[in-house]
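Down below is the structure, laid out as structure tokens.
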Protein chains: 2
Amino acid sequence: MERAKIAVVGSGAVGCYYGGMLARAGYDVHFLMRSDLQHVRKHGLTIETRGEAILLDPVQAAGTPEEIGACDLVIIALKATANDALVDILPPLIGTDTALLTLQNGLSNEEFLAERWGGERVLGGLCFVCLNRTASGLIEHFDHGSLSIGEFGRGPSDRARQIVEAFVKAGIDANLVENLVTERWRKLLWNVPFNGLSIAGAGATVAGVLNDGGLRTLARELMSEVLNAARALGHEIPDDFADYQIERSWSMGAYRPSSLIDWELRRPVEVEAIWGEPLRQGVAAGAAMDRLRTLYALLKYLTRAERP
Amino acid sequence: MERAKIAVVGSGAVGCYYGGMLARAGYDVHFLMRSDLQHVRKHGLTIETRGEAILLDPVQAAGTPEEIGACDLVIIALKATANDALVDILPPLIGTDTALLTLQNGLSNEEFLAERWGGERVLGGLCFVCLNRTASGLIEHFDHGSLSIGEFGRGPSDRARQIVEAFVKAGIDANLVENLVTERWRKLLWNVPFNGLSIAGAGATVAGVLNDGGLRTLARELMSEVLNAARALGHEIPDDFADYQIERSWSMGAYRPSSLIDWELRRPVEVEAIWGEPLRQGVAAGAAMDRLRTLYALLKYLTRAERP
């Protein structure tokens with residue numbers, strides 16, 4: 001990957017952080033930017049992490065994909081709700097052997113890419129990281145985080161290994177996963193209840209859910225629905241993984257899931273990727289998901305664009 | 001009932017309206033009041049209905065049940081959330097043959113009375129009426145409304161017929177029901193989804209629920225859960241009653257269910273009577289109620305006393 005040309009699409013916190021860390025390590029990274037373009041061209045990109053401020057200046061920032069041109073790797077960090085925009089953004093970035101790595105949340109983002117540009121190009125990554133874009137060109141990194149990368153519909157490849165290696169060289173705790181979709185379901189086991197109940201509970205933090213007996217039980221039951229759906233779809237996740245997800249959450253305290261922050265700031269919430277698609281896939285596989293069905297209908301309503 | 005002594009416990013809109021109409025028709029009605037006591041003693045009680053203002057002055061208003069003493073009929077119109085207070089309020093009002101008529105919402109209010117003062121005393125009434133207590137001693141009556149009265153655990157009795165007759169003479173569209181608990185379940189078929197989703201939907205009116213495809217479907221599915229639970233408990237409710245409840249709701253427009261108003265004014269919401277008790281009874285009878293379980297957990301959390 002040393003000589004690879006890399007594009008980052010979606011210059012929010014995730015794209016700027018992972019792309020910025022690669023750029024800092026010397027990789028040839030091009031950022032496609034909109035609102036931050038002029039600021040970053042003038043002042044560069046700052047990542048505040050572990051008490052240290054990393055300034056990247058100059059940054060290769062472009063306003064259109066045509067300015068960047070064909071790349072070896074395109075990292076996609078747009079919100080899943082903006083996927084339709086990729087139909088116009090990606091073609092100028094895609095050459096013969098371009099790999100597409102989506103760092104987006106939830107299910108069906110890999111499918112979206114595979115259907116349009118071929119499944120052989122597609123990889124996915126799961127980010128476990130606390131980030132915030134606090135101003136133009138300024139990313140705050142609160143928690144170490146890690147990045148789990150896998151091929152879409154295949155086991156690990158040399159390409160995937162090289163990408164993981166590049167992230168590791170850039171200081172990211174990256175690892176290669178055997179089955180990407182299984183990992184996505186494992187992550188959903190947490191996101192479905194905690195991100196969902198944070199909005200349906202009108203601002204319930206992780207501690208808010210855990211400290212209320214009724215919501216804690218509901219969170220655990222939602223996890224069981226997701227677990228059963230994942231298994232019905234052939235993913236092997238052990239029984240005690242749900243209990244483990246509840247247990248590990250106590251230490252998060254008043255953590256506000258990203259969907260709650262999006263909702264409160266009136267940004268689009270990834271309702272289909274996190275709740276709608278798992279519900280549809282689970283039900284199609286014969287799983288009982290009436291709690292998730294209820295939560296999904298409420299979340300769709302609560303996050304509607306025309307909400308007051 | 002002409003010479004009966006009647007007490008009204010709970011001087012909110014429902015108690016003042018039904019008790020006030022009886023008093024206006026010449027019945028001997030005593031109101032147990034707290035916050036409105038001085039105002040009503042000085043200025044009487046006004047019921048605005050169908051463009052007409054009915055002033056009752058003087059009103060027999062008491063501050064303690066001891067002032068009233070034993071009655072022939074006690075009409076209970078407290079919020080179900082305040083039932084514990086009845087343990088102190090009712091004894092001075094109860095004589096040998098005192099009948100207790102609860103006009104409260106949801107399930108298990110008759111049981112509460114029966115367990116403490118004997119089932120043979122207990123009757124229940126279902127109010128279909130739009131009322132608002134808009135100021136001290138002032139009740140606004142928006143909609144004709146009706147009152148369905150039945151014995152608890154028995155078919156119609158002479159006593160129940162006489163009570164219905166008294167309400168009819170007072171101008172109320174009252175009727176006698178064969179099976180009180182069946183009627184309560186029929187009413188819950190509407191209250192469970194529409195009152196519940198109005199809060200869980202952060203202020204969704206009836207039209208708000210019906211105009212959102214996801215919430216409308218969820219409302220219909222919740223009705224099916226309640227219908228199946230009622231049937232599992234032996235109540236005969238026809239299949240098409242749920243569709244009828246959806247259909248008849250379209251004309252309500254932006255109506256705000258009473259629970260939503262309570263919630264927004266930070267008053268206690270009757271969560272156990274309307275959602276908790278039907279859930280417990282339905283589940284005990286073997287009905288599948290995972291949507292109601294989800295809604296109940298959210299409502300309990302959203303209406304908690306210490307909410308911000």
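State which residue is nearest to A:Phe152 (Cα to Cα) when the search covers only the stretch A:164-189 and only residues that are open to solvent by 20 Å² or more (accessible area, probe 1.4 Å) and part of a helix (DSSP H, G or I). Once the filter is applied, the top-ranked residue is A:Val181.
Report, by residue number, each residue of the stretch A:209-221 that is within 8 Å of chain B (Cβ to nearest Cβ) and open to solvent by less than 20 Å² (accessible area, probe 1.4 Å). Of everything in the stretch A:209-221, those that are within 8 Å of chain B (Cβ to nearest Cβ) and open to solvent by less than 20 Å² (accessible area, probe 1.4 Å) turn out to be A:Leu215, A:Leu218. Out of A:Ile246, A:Ile274, one residue alone is in contact (Cβ under 8 Å) with a residue 60 or more places away in the chain, outside the structural domain of A:Asn105 (by TED's automatic domain parsing) and within 15 Å of A:Leu197 (Cβ to Cβ). It is A:Ile274. Against the condition at pLDDT 95 or above, within 27 Å of A:Leu295 (Cβ to Cβ) and more than 14 Å from chain B (Cβ to nearest Cβ), how does A:Val192 come out, does it pass? No. B:Leu260 passes every criterion in (1) surrounded by fewer than 18 Cβ atoms within 10 Å (Cβ to Cβ); (2) more than 14 Å from A:Tyr301 (Cβ to Cβ) apart from (1). When the stretch B:282-303 is limited to residues that are more than 9 Å from every other protein chain (Cβ to nearest Cβ), open to solvent by less than 50 Å² (accessible area, probe 1.4 Å) and not hydrophobic (A, V, I, L, M, F, W, C), the one that is farthest from B:Asp262 (Cα to Cα) turns out to be B:Gly282. Whenever a residue of the stretch A:26-42 is on the phi < 0 side of the Ramachandran plot, its partners that are of a type in the set (D, E, K, R), lying with C-beta atoms within less than 7 angstrom and at least six residues away or across chains, give the pairs A:Asp28/A:Lys5. For the condition under 21 Å from B:Leu93 (Cα atoms), touching a helix residue (DSSP H, G or I) at 6+ places or on another chain (Cβ under 8 Å), open to solvent by 10 Å² or more (accessible area, probe 1.4 Å) and β-branched (Val, Ile, Thr), B:Val59 qualifies. Checking each residue in the stretch A:46-83 for being under 22 Å from the mean Cα position of the chain (by Cα) and β-branched (Val, Ile, Thr) picks out A:Thr46, A:Ile47, A:Thr49, A:Val74, A:Ile75, A:Ile76, A:Thr81.
Please verify whether B:Glu306 is out of contact with any strand residue (DSSP E or B) (no Cβ under 6 Å at 6 or more places or on another chain), under 21 Å from B:Asp84 (Cα atoms), within 14 Å of another protein chain (Cβ to nearest Cβ) and among the acidic types (Asp, Glu), treating the condition exactly as stated.
When the stated conditions are applied, B:Glu306 passes them.
Taking the criterion of being in a loop (DSSP other than H, G, I, E, B) and either assigned by TED's automatic domain parsing to the domain that holds A:Ala13 or closer than 25 Å to A:Val181 by Cα (or both), would at least one residue in the stretch A:258-267 satisfy it? No, because not a single residue in the stretch A:258-267 is in a loop (DSSP other than H, G, I, E, B) and either assigned by TED's automatic domain parsing to the domain that holds A:Ala13 or closer than 25 Å to A:Val181 by Cα (or both). I'd like to know if the stretch B:50-69 contains one or more residues that are closer than 25 Å to B:Ala160 by Cβ and of a type in the set (Lys, Arg). Checked the stretch B:50-69: no residue is closer than 25 Å to B:Ala160 by Cβ and of a type in the set (Lys, Arg).
Looking only at the stretch A:229-249, decide whether some residue is at the interface with chain B (Cβ under 10 Å from one of its Cβ atoms) and either among the aromatic types (Phe, Trp, Tyr) or open to solvent by 60 Å² or more (accessible area, probe 1.4 Å) (or both).
No, every residue in the stretch A:229-249 fails to be at the interface with chain B (Cβ under 10 Å from one of its Cβ atoms) and either among the aromatic types (Phe, Trp, Tyr) or open to solvent by 60 Å² or more (accessible area, probe 1.4 Å) (or both).
For (1) more than 14 Å from every other protein chain (Cβ to nearest Cβ); (2) among the charged types (D, E, K, R), each residue gets a yes or a no:
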residue: A:Gly150; (1), (2): yes, no
residue: A:Gly153; (1), (2): yes, no
residue: A:Arg159; (1), (2): yes, yes
residue: A:Ala166; (1), (2): yes, no
residue: A:Val181; (1), (2): yes, no
residue: A:Arg184; (1), (2): yes, yes
residue: A:Ser198; (1), (2): no, no
residue: A:Met223; (1), (2): no, no
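The condition of being under 16 Å from B:Ala204 (Cα atoms), within 14 Å of chain A (Cβ to nearest Cβ) and among the acidic types (Asp, Glu) holds for only one of B:Glu264, B:Glu272, that being B:Glu264.
The values are calculated or read from the model by the stated rules, or taken from the named source; none is laboratory data. These numbers come from a predicted model, not from an experiment. Heads up, the Cβs are rebuilt from the backbone with ideal geometry, glycines too, and the neighbour counts pull from every protein chain shown. Side chains included, ligands, DNA and RNA excluded: accessible areas come from the protein's heavy atoms. Shrake-Rupley method; radii C 1.70, N 1.55, O 1.52, S 1.80 Å.
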